[in-house]
Every structure is written in structure tokens, then in C-alpha cells.
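The values are calculated or read from the model by the stated rules, or taken from the named source; none is laboratory data. Everything quoted here is computed from the prediction, not taken from an experiment. Here the Cβ positions follow ideal geometry from the backbone for every residue, glycine too, while neighbour counts run over all protein chains shown. Surface accessibility is based on the protein's heavy atoms, side chains included, excluding ligands, DNA and RNA. Shrake-Rupley method; radii C 1.70, N 1.55, O 1.52, S 1.80 Å.
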Amino acid sequence: MTVTAEQIAAFVDDELDATARAQVAEAALRDPAIAARIAAERDLRETLRAHFAPMADLPVPQDWVDTIRQARADPVVTSLDAMRARRSWGRGWAGAAMAASLVIGVGIGAQLHRDGPLVAGPGGLIAAGDLARTLDRQLASAQDGAPIRILGTFRRQGGDLCRVFAGAVASGIACHGHAGWQMEQVRPGVAPERGAYAQAGSGEGDLMAAAQAMATGDPLDADHERTAREHGWQ
Amino acid sequence: MHPAVFGEELVTLLPRMRRFARSLTRDATDADDLCQMTIERALKSWQQWQGGSRLDAWVFRIMRNIWIDEGRARTRRKQTFAPEADGDAVGDRGDAAIEAHAERGNVDRAMARLPADQREAVMLVLVEGFAYKEAAEILGCPMGTLTSRLVRGREALLRELGEAR
């Protein structure tokens, strides 16, 4: 053979540059043994791929998925979906992660309760008072000086309308359902003494990234947002 | 990258992680333990992941390092990593199915006979489709080492599977 086994392997694996490729191809044209070896290597790769492919289609334990989806929240975030899921779990190997999230959840709950923008609903926390009014009425396009700012409105999978808000007591993402505005993400708000919400900083960026991950398509523009309000956020 | 996005990308990798874990451990239970440890480690250190590089390569490297740390000695049970159901009811199948089944068993046996370093090289490049450079990074070895393991692994597989045909 005029080419090495390494070169043949690299040829089959598409790891050669154009010049080296041409050399191997030329050698294969001259020497049937090289051509046969290339064919055998290709067959081997196809055999292995086909053999192991079904394994990548097998379902994985739901525990793993749950653990990842729960842990993804950074320490000041709590996901109501995750809380609901946790309730139905029973004991899993993710116990430690669950306990950690619960502590965070309780902390935020106490803080929110004091100021009362949220009430416990059938499936989690529901917006109340000023927050509910803001979510119902305020448009992202017209909110100069409002105490709670709407950062955006979007549709999530399944079609519910969701709004990202930032206020002194809480920031978060609320989605409209039959019980009202249900909290999907809740974070501590921007303290009033920190001044203008417009410069609230990294927390908002995070929230928008979370919204982006939940959203299907782009956020609603001013016209669509107004229309959505007229239709009761359905 | 936002943690939520990282999480979803990790979720999509899980089946492949499990497949690689099985090739490392050759035991379904050990493989699942290894996957869980890898998930925990990845969640803990995801901020160290460089967004530009492939997440799968990063996760596979974590997994492989855990496996090395745990010590390969843990598993000397030499089990084939074919699903157990593969051994069922061969007699009920048609000729083609029996042949396909025999082929499956041959591949598993041939893979199981490879030295571990050759098997990982074969899995990463031929099955997982990593480039040589990525595979060498996952394994923490020079490219030359990777390619020579790959060539030896392939030759052994060609010999075994060629005879079996």
C-alpha cells in the first residue's frame, strides 16, 4: 500500500485536506486493495452507526429531566411549574435540589406576602392588587413613570399570553389563565432606593432571556399588545 | 447563555450521554449512575462551559473524567451492553430477524473485546461523529494517540466482524 492505515481512516472520516484527499483517492484508483479497504471502513462505520442509533432514541428517566429543569433556575428564581411538579413527585434522588428550591420559594413567598401583590391560587401564585391591575391594563408602549413596568408581552407554547414585569416588590413573568395572571417566574423586585427601573440591570436581562426561552415567536408589538388587551388577554 | 437554555440543551443530550455511558461502563446500572453524576457535575459547573464550544463534547469530557476518577476497576463484570431484551425469543423470529439479531450480538461482542481506550475512540468518532480534534480533547490525549487507537480499534473490529459475516 502506498497510503497508511491512518490516512485511509482519516479519508473515510473526512479528516483530510483537499490535497491529502486527492492522494488517497488516486491511490485507491490505482490499487484495488486500497479501494477495498476504504469500502470496508465505510461499511464498518455504517454498521456501527446503525447498531447504536436506536439507543439514542430510547427514553431517558424522567428524574433526570426534572432535575435539570429544576436546577436551571438561578438561586433567586422560582418556577411555579417546578413547584407543582415537585408536589406530585414524591421522593426522587433530586431531594437535595428540591429542598434548596423550597427554601428559596418560602423566602420569596414571605417577602411577597408582606406587600400583597400575589395570592395563592389553585395552581400557584396569582397576581393581585396593583400588580394584577398593571398586568391587565398597562401597555409596554405607554407606561412613563408607572411603578410597575411591563418589559414585554409574548405568547408561550400552548397559546397563553404572558407578560414580563418589573416592580419594586417583585419582578417576574405572569401568564394569563382562567384564574387570572399566574406567576411562572418570580424574582425579588428592584428596590426603590436603587432608583430608575430603566437601569435595573442584569436581573432584567435574565428575565428577558427566560421569557425568550418560553416564548413562541417574537414579543407582541404595540398594536398587537393593544388588541390583546381588548380581547381580555385571551 | 441563560440557565434555562443550557438546561434544555442538556436535556436533548441525555440519550446520547446514556449511550456513551453504556459504552464506557458496559453495564446499564453503572451507566445510569454515571449519567446522574455527570448531570449533577454539569449543572454545578455549567458557567465554566465556553459557549462557543460544543456542549456535547464538554459534557462527554466531564462524564469520561468522572468515570476515570471512579476507577474502571469498579466494573469488571464484562457484561455486554446490549439491552437485555435482545436475548429474548430468538426462536420466534424469521431468518432475517435472526440474522439481524446475530449481527447485533456480533457488534456488541466485538466492541466489548476492544481495549477500553480503543472502544472510546471508536464510539466518539465513528458513532458520535466527533472530529478527531474534539475526540482527542474529550479523551485528554494528543491527536496522534487518538488516531492510532482509532486505527487499531477499527482493524480489530474489521477482523472480528469480517469473520462473522
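In the stretch B:34-52, what residues are assigned to a helix (DSSP H, G or I) and open to solvent by 70 Å² or more (accessible area, probe 1.4 Å)?
Correct list: B:40, B:41, B:44, B:47, B:48.
Residue A:155 - would you say it is of a type in the set (Lys, Arg), at pLDDT 85 or above and open to solvent by less than 40 Å² (accessible area, probe 1.4 Å)?
No.
Could you tell me how many of the residues in the stretch B:24-33 are open to solvent by 30 Å² or more (accessible area, probe 1.4 Å) and either among the β-branched types (Val, Ile, Thr) or more than 14 Å from the chain's Cα centre (by Cα) (or both)?
Residues flagged as open to solvent by 30 Å² or more (accessible area, probe 1.4 Å) and either among the β-branched types (Val, Ile, Thr) or more than 14 Å from the chain's Cα centre (by Cα) (or both) within the stretch B:24-33 amount to 2.
Can you tell me which residues in the stretch B:4-23 are out of contact with any Phe, Trp or Tyr (no Cβ under 7 Å at 6 or more places or on another chain), open to solvent by less than 20 Å² (accessible area, probe 1.4 Å) and facing chain A (nearest Cβ under 7 Å)?
Selection gives B:4, B:7, B:10.
Which of the residues that make up the stretch A:14-58 are closer than 17 Å to residue B:129 by Cβ, more than 7 Å from every other protein chain (Cβ to nearest Cβ) and basic (Lys, Arg)?
The answer is A:42, and nothing else.
Answer with yes or no whether residue B:41 is within 7 Å of chain A (Cβ to nearest Cβ) and basic (Lys, Arg).
Taking the combined requirement at face value, the residue does not satisfy it.
Does residue A:229 meet the test of being within 21 Å of residue A:129 (Cα to Cα) and modelled with pLDDT of 90 or more?
Taking the combined requirement at face value, the residue satisfies it.
Would you be able to tell me the number of residues in the stretch A:123-148 that are assigned to a helix (DSSP H, G or I) and surrounded by 14 or more Cβ atoms within 10 Å (Cβ to Cβ)?
So the count comes out to 6.
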